[in-house]
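Taking it in order: structure first as structure tokens, then the write-up.
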């Protein structure tokens, strides 16, 4: 199936949404776009996008993507008065949401969509805009299998790996668990980096060793420049990380799973926000750890790799993105 077969809609052109929809437009997809602040979406017109004034104006599109800040925004753009499912006429065959939202809100939107004949796919992602541009995004997907198969060519344009994890809201829980790991790993990176520096080891040297060891990862590598040069320009803020920890701890309470380490890191992130670092990148956990140790950090001003310079294949025709539809395997909980 040629990806251009379907007419696509896109809601939300924040940092992530803009990077994602750009990949679809650059690959020749027919995309109409809505963003609450229209001016932020206007540069996409040069790439072939058509802008609309309301989410409801996308109701006649075959597939509509949403990439918004949180649960309330997701409910508003789908089932609110001007939502894509509230037009009283045609509705999309599929709505694909890549936001991090609560499972309760997602379930309510899913129920409304099913009443109207629309399938909802939850497709939370792992990565930031730079990861998107490098073609290394990971996507978890849950929802009706038929809708997943219809949408797969577009999902493969957006990410290097697409993992179908089953029906319902399972992908939401996968992403919440993922972001708990994100915060916990960053905190232990901060603790060990400060310990190494207090012992006389430059941050760049310690992290070079860590990244080359079995404990190194894509994540530790692309956070290394921030840790070394103290550049906390936000890719994912402390406030957003706290929101995800709260979603994770709420799920843990409902499922009766003790999570003592996550609960502690949630408190540390909340403390970071209290120190007016909530709008900085969550790598500022390093600064919090240094303050706690009485250590005055200075930028090392060293050029270090973030591990993303070598781009992954950016188009399905140029490589073989990994997806469950090709392996025939599903990840089930």
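No value in this document is a laboratory result; all are computed from the given coordinates. Quick caveat: nothing in here was measured; it's all calculated off a predicted structure. Quick reminder, even Gly has a Cβ in these numbers, built from the backbone with ideal geometry, and neighbours come from all protein chains shown.
Data for the structure
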quantity	calculated
FRET efficiency for residue 146 and residue 300, using Cβ-Cβ distance with R0 set to 41 Å, rounded to 0.05	0.20
Principal-axis tilt of helix 203-212 within the chain, Cα atoms, nearest 10 degrees	60 degrees
Equivalent ellipsoid semi-axes - Cα gyration tensor, segment 125-274, angstrom	30, 21, 13
For the chain, calculated [θ]222 nm from helices alone, where every DSSP H run of n ≥ 4 adds -39500 (n - 2.57)	-14500 deg cm²/dmol
Extension gain from residue 246 to residue 209, taking 0.36 nm per residue of separation minus the Cα-Cα distance	10.0 nm
Compactness relative to 2.2 N^0.38 Å, alpha carbon Rg of segment 210-263	1.49
Relative contact order %, the chain, counting alpha carbon pairs below 8 Å whose residues are six or more apart	15 percent
Nitroxide proxy distance, nm - points 7 Å out along Cα→Cβ at residue 7 and residue 291	5.2 nm
Segment residue 130-residue 53, length gained on full extension (0.36 nm per residue, minus Cα span)	24.9 nm
Degrees separating the helix 170-198 axis from the principal Cα axis of the chain, which is the longest one	20 degrees
Part-to-part distance (alpha-carbon centres) for segment 198-251 and segment 254-315, which is given in Å	5 Å
Highest average packing first - 285-298, 159-172, Cβ atoms within 10 Å	159-172, 285-298
Antiparallel bridge percentage (DSSP; both residues within the chain; nearest 5)	15 percent
Degrees between helix 218-229 axis and first principal axis of the chain (Cα, 0 to 90, nearest 10)	50 degrees
Fewest-first ranking of 50, 110, 27, using other Cβ atoms within 10 Å as the exposure measure	50, 27, 110
Fewest-first sequence of 97, 281, 82, 30 by Cβ atoms within 10 Å of each Cβ	82, 30, 281, 97
Spin-label proximity, residue 60 to segment 14-32 - amide N less than 17 Å from point 7 Å beyond Cα toward beta carbon	30-32
Potential extension, residue 309-residue 108 segment - 0.36 nm per residue separation minus Cα distance	68.3 nm
